[in-house]
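What follows is a short report on a single structure.
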Amino acid sequence: MYDRMQILTEKELDAIHKASMKILGEIGVIFNDEESLKIFKDHNVKVEGKTVFFKEKVIRKSVESAPSLFTISARNPENNITIGEDNYVCAPGYGAPFVMEEDGRRREATMEDYDTFCKMVHTSKYIDLNGFMMVEPSDRPAHTVHLDMLFSSIVLCDKVFMGSPVPREGAQDAIKMAEMIWGKKDKIVNKPVMVSIINSLSPLKYSKEMSESLIEFARYGQPCIISSVIMAGSSGPIKLAGLLGLQNAEILAGITLAQLVNPGTPVVYGSASSITDMRTGGLAIGAPELSMIVLATAQMARYYNLPSRAGGGLTDAHIPDIQAGIESAFALINAVKNGINFILHSCGILSSYLSMSFSKFLIDEEMCGMAKKIFSPIEVTDESIDIKMIKEVGIGGEYISQPKTLDLCRKELFLPDLMCRKNFYNWEKSGKKRADEKASEILNERLAGYIKPKIDEGLEKALSEYVGKRKKI
């Protein structure tokens, strides 16, 4: 296939791997919790103070023990997802403290906003799983808000949910609530029912909270996305090759810890890295370099035969304007095109991860649908070509009245809910609405039509009581 994007050669991938082995063996990675250090020591991995030094054979063995493909069960089995190899899933935005209103006013996110996003994910045709921390609710206590988010994620949506990675108690709560859903501990041990994000602290550190949570999830064999978030030029080298070597080292260190705890634990090789805008010192996720990093991340993951994670509809814009559309489209299309398996931040993100927008969620969501259509294979068979019908129509005929056209008109071709295909007269007559304005109308219709998914009354009550009890501790 002809492709203008640079594909790293095997020699270049080897060079990045070898650089990472030097980083891991000669510089090491700091883990800021005693349990992680003990696990490394117990497996004869060199530890000096809080710094862990890795030999290549330990890294290789760990990588080889992780699966290239795994399935995560949802509360509704129809919504199970498979991650790895040729499969990919789209997940919503993550970690935004603010919500951007339609008028450009930014406000702190609330629990009501979080619940709304859960409902939007549940009713989405294109978003494959629910998120965690789609926004950070400011109106709930920080030390217990994860309980509220987990409860809403489980009860308001029956797709796969994401676990709470911080603090350690958050991971334990996610596991306990999963046990309640599936009935017993042995129903979820080494049987994925959620996925969680574990981020390194660049350069070359893991926080106490993240490494502790990684250990908790790994003990139960629950999948973790091990991600590095490096800013080229500030928290990492300005040259992308150097960033990739550093990123790879950090990810491999986390993967190794997971495999030492429980060999075979599913992991995803993840990146949220981008560049520093050298004029402001801020993170730039709408940059073209982000797509270059995503391409290389996908290739490095395949180098180790692991699933990959990167971002989707990413932008530095503060409103869903043309800048947001351009940057988000580039990021999403390149993530899908280059083989990323878990596309986080597929919809809703503005302001370099700081804001979520309901309108942009809907715009990005439709873009996810378009991407899925673009990258679906063209069926080439005698039946799909249908020479018989072409002969019947002949020269100068028409196909719109053909039985096959009538049979397939609602399902064969992509039909947008948001993008305008009206002629000028009808667009003008309907109010000359822009996409973001139309998204506001669709949001209201969507929420009005939301029906809470079925859940056993006893289970919902038990989950609610668990949350209430944990909040009092």
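Candidates Met149, Met133: the one that is in contact with a Gly (Cβ under 7 Å, 6 or more places away or on another chain) and under 27 Å from Lys472 (Cβ atoms) is Met133. Kindly establish whether Ile455 is over 30 Å from Cys90 (Cα atoms) and modelled with pLDDT of 95 or more. It is false that Ile455 is over 30 Å from Cys90 (Cα atoms) and modelled with pLDDT of 95 or more.
The residues in the stretch 399-440 that are of a type in the set (Lys, Arg), closer than 23 Å to Ser376 by Cβ and not in a helix (DSSP H, G or I) can be counted, and the count is 3. Is at least one residue of the stretch 28-38 among the basic types (Lys, Arg) and in a helix (DSSP H, G or I)? For the stretch 28-38, residues among the basic types (Lys, Arg) and in a helix (DSSP H, G or I): present.
Of the numbered criteria (1) aliphatic (A, V, I, L, M); (2) farther than 26 Å from Asn190 by Cβ; (3) more than 21 Å from the chain's Cα centre (by Cα), the one Met231 fails is (3).
Of the residues in the stretch 211-240, how many are touching a residue at least 60 places away in the same chain (Cβ under 8 Å) and of a type in the set (D, E, K, R)? Adding up the residues that qualify gives 1.
To keep it simple, each residue is scored yes or no on (1) in contact (Cβ under 8 Å) with a residue 60 or more places away in the chain; (2) not in a loop (DSSP other than H, G, I, E, B).
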site: Ile340; (1), (2): yes, no
site: Ile343; (1), (2): yes, yes
site: Tyr353; (1), (2): yes, no
site: Ile363; (1), (2): yes, yes
site: Met370; (1), (2): no, yes
site: Pro377; (1), (2): no, no
site: Val380; (1), (2): no, no
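Note on the stretch 392-438: residues that are surrounded by fewer than 11 Cβ atoms within 10 Å (Cβ to Cβ), aliphatic (A, V, I, L, M) and either touching a Cys at 6+ places or on another chain (Cβ under 6 Å) or under 26 Å from Phe375 (Cβ atoms) (or both) amount to 1.
Here are some residues: Asn248, Asn199, Asn190. Which one is farther than 30 Å from Pro141 by Cβ and surrounded by fewer than 24 Cβ atoms within 10 Å (Cβ to Cβ)? Even if it seems obvious, please write down each step before you answer.
Values: Asn248 fails: surrounded by fewer than 24 Cβ atoms within 10 Å (Cβ to Cβ); Asn199 fails: farther than 30 Å from Pro141 by Cβ.
One residue alone meets the criteria, Asn190.
Can you say whether Thr51 is surrounded by 15 or more Cβ atoms within 10 Å (Cβ to Cβ) and without any contact (Cβ under 8 Å) to a residue 40 or more places away in the chain, as far as the supplied structure shows? For Thr51, the condition - surrounded by 15 or more Cβ atoms within 10 Å (Cβ to Cβ) and without any contact (Cβ under 8 Å) to a residue 40 or more places away in the chain - is met. Here the condition is being farther than 19 Å from Ser440 by Cα and surrounded by fewer than 20 Cβ atoms within 10 Å (Cβ to Cβ); of Thr123, Thr144, it holds for Thr144 alone.
Table: residues versus (1) at positive phi; (2) touching a Leu at 6+ places or on another chain (Cβ under 8 Å); (3) outside any loop (DSSP other than H, G, I, E, B).
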{"site": "Tyr94", "(1), (2), (3)": "no, yes, no"}
{"site": "Glu102", "(1), (2), (3)": "no, no, no"}
{"site": "Tyr114", "(1), (2), (3)": "no, no, yes"}
{"site": "Phe117", "(1), (2), (3)": "no, no, yes"}
{"site": "Ile127", "(1), (2), (3)": "no, no, no"}
{"site": "Asp139", "(1), (2), (3)": "no, no, no"}
{"site": "Leu150", "(1), (2), (3)": "no, no, yes"}
{"site": "Asp158", "(1), (2), (3)": "no, no, no"}
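Go through the stretch 348-380 and report how many residues are β-branched (Val, Ile, Thr), surrounded by 23 or more Cβ atoms within 10 Å (Cβ to Cβ) and farther than 16 Å from Met133 by Cβ. Qualifying residue count, the stretch 348-380: 1. Val166 meets all of the listed conditions (1) in contact with a strand residue (DSSP E or B) (Cβ under 9 Å, 6 or more places away or on another chain); (2) surrounded by fewer than 20 Cβ atoms within 10 Å (Cβ to Cβ); (3) within 20 Å of Ala218 (Cα to Cα) but one, namely (1). Candidates in the stretch 88-113 are the residues that are surrounded by 15 or more Cβ atoms within 10 Å (Cβ to Cβ) and more than 15 Å from Leu350 (Cβ to Cβ); of these, the one that is nearest to the chain's Cα centre (by Cα) is Ala91. In summary, Gly270 fulfils each of the numbered conditions (1) more than 21 Å from Phe361 (Cβ to Cβ); (2) within 17 Å of the chain's Cα centre (by Cα); (3) assigned to a helix (DSSP H, G or I) with the single exception of condition (3).
For the stretch 413-429, which positions are free of Cβ contacts under 8 Å to residues at least 40 places away in the same chain, closer than 27 Å to Gly104 by Cβ and in contact with a helix residue (DSSP H, G or I) (Cβ under 9 Å, 6 or more places away or on another chain)? Scanning the stretch 413-429 gives Cys420, Lys422.
Scanning the stretch 202-228 for residues that are farther than 18 Å from Gly311 by Cα and part of a strand (DSSP E or B), we see that the one that is farthest from the chain's Cα centre (by Cα) is Lys205.
The values are calculated or read from the model by the stated rules, or taken from the named source; none is laboratory data. The structure presented is a predicted model; accordingly, all values stated were derived computationally and were not measured. Neighbour counts run over all protein chains shown; Cβ positions are idealised from the backbone, glycine included.
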